[in-house]
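Here is the structure we will look at.
The values are calculated or read from the model by the stated rules, or taken from the named source; none is laboratory data. Because the structure is predicted, anything quoted here is derived from the model rather than measured. Note that each Cβ is placed from the backbone with ideal geometry, even for glycine, and that neighbours are counted across all protein chains shown.
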Amino acid sequence: MSEPQAQPTAAAGLTQWQRVADTFTAPSKTFEDIKRGNRTWWLPFIVGALASFILFGAVTQKIGMRQTVENQIRMNSKAEEGMSQLPPDQREKAYARATGFSEVMFLVGPVLGMLGTLVIAAVLMGTINFGFGGRAKFGDVFAVVYYAWLPQVVKVLLGVVVIYAGMAPESFNIQNFAPTNLGAFLDPMDTNKMLYALATSLDAVTVWMLVLMSIGVATVAGVKRSAGYIAVIGWWAIIVLFGVGAAAVRAALGA
């Protein structure tokens, strides 16, 4: 009697640490592993949350949340005009409320990020499945989005370095805190609103994340990468055009 042949065993999945590392060095390995069913995402969530809190600490220590709020109001002529018309005591209360709100938004940022990831995953799953004949599962796309967000940590750390390198608190812009796009080198007060919005949107880290997301969505959906690029970058282009249009409207209204 012949001896029974051993059945081939499935390849062991990657650990979350390996998936995080491969996202930067070999992203296809990460997304193929997610497609095999290894879709845990809590480590990217924790890494992102830690990066957010590190940025919060740097802003609080070196810039000051009150200064950050004042800078944002100064960049909005309507808001600045409204503040200037308030009596001193009411103006101080308004600044205090805005400062407290900004601090809360920083602290709950990881939770808001999770809600945003849910929306993005749902939209991309619908687009790649119904628009390109994919077979993606929501859990797979959700994990892909979380891993594709990881380059944002690089941007946060670069922003922290810039803050501690001696950035003038009066010039800090929380909405564009790192020099990863052309907008970071333009004065938001003097630059055309549409041009500034477009220059800010053309962000190197954002492009990096879009590429990762495109590869990941295409992988878990079982479609060509070109479909992933069209689905992801198509939605991004719509958002950018909307942002530029909104900037044009604000400029026309003098905001």
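Computed quantities for the displayed model
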read-out	value
Extreme residue, modelled with the lowest pLDDT, among residues of the stretch 126-171 that are among the small types (G, A, S) and not in a helix (DSSP H, G or I)	G166
The stretch 118-156, residues that are among the hydrophobic types (A, V, I, L, M, F, W, C), free of Cβ contacts under 8 Å to residues at least 12 places away in the same chain and farther than 17 Å from M209 by Cα	F130
Residue within the stretch 126-143 that is over 18 Å from T60 (Cβ atoms) and acidic (D, E) present	yes
Of the criteria (1) assigned to a helix (DSSP H, G or I); (2) over 23 Å from the mean Cα position of the chain (by Cα); (3) closer than 28 Å to A252 by Cβ; (4) free of Cβ contacts under 8 Å to residues at least 60 places away in the same chain, which one F101 fails	(2)
Boolean, A237 is assigned to a loop (DSSP other than H, G, I, E, B) and modelled with pLDDT of 90 or more	no
Qualifying positions in the stretch 23-52 - under 19 Å from G113 (Cα atoms) and without any contact (Cβ under 8 Å) to a residue 40 or more places away in the chain	W42, L43, I46, L50
Sole residue being surrounded by 13 or more Cβ atoms within 10 Å (Cβ to Cβ) and at positive phi, chosen from G126, G64, G113	G64
Residue match in the stretch 71-91 (condition: at pLDDT below 95, within 30 Å of M213 (Cα to Cα) and within 21 Å of the chain's Cα centre (by Cα))	no
Cβ-Cβ under 7 Å pairs, at least 6 apart or on other chains, the stretch 167-190 side free of Cβ contacts under 8 Å to residues at least 24 places away in the same chain, far side surrounded by 10 or more Cβ atoms within 10 Å (Cβ to Cβ) and of a type in the set (S, T, Y)	G183/Y196; G183/T200; L186/Y196
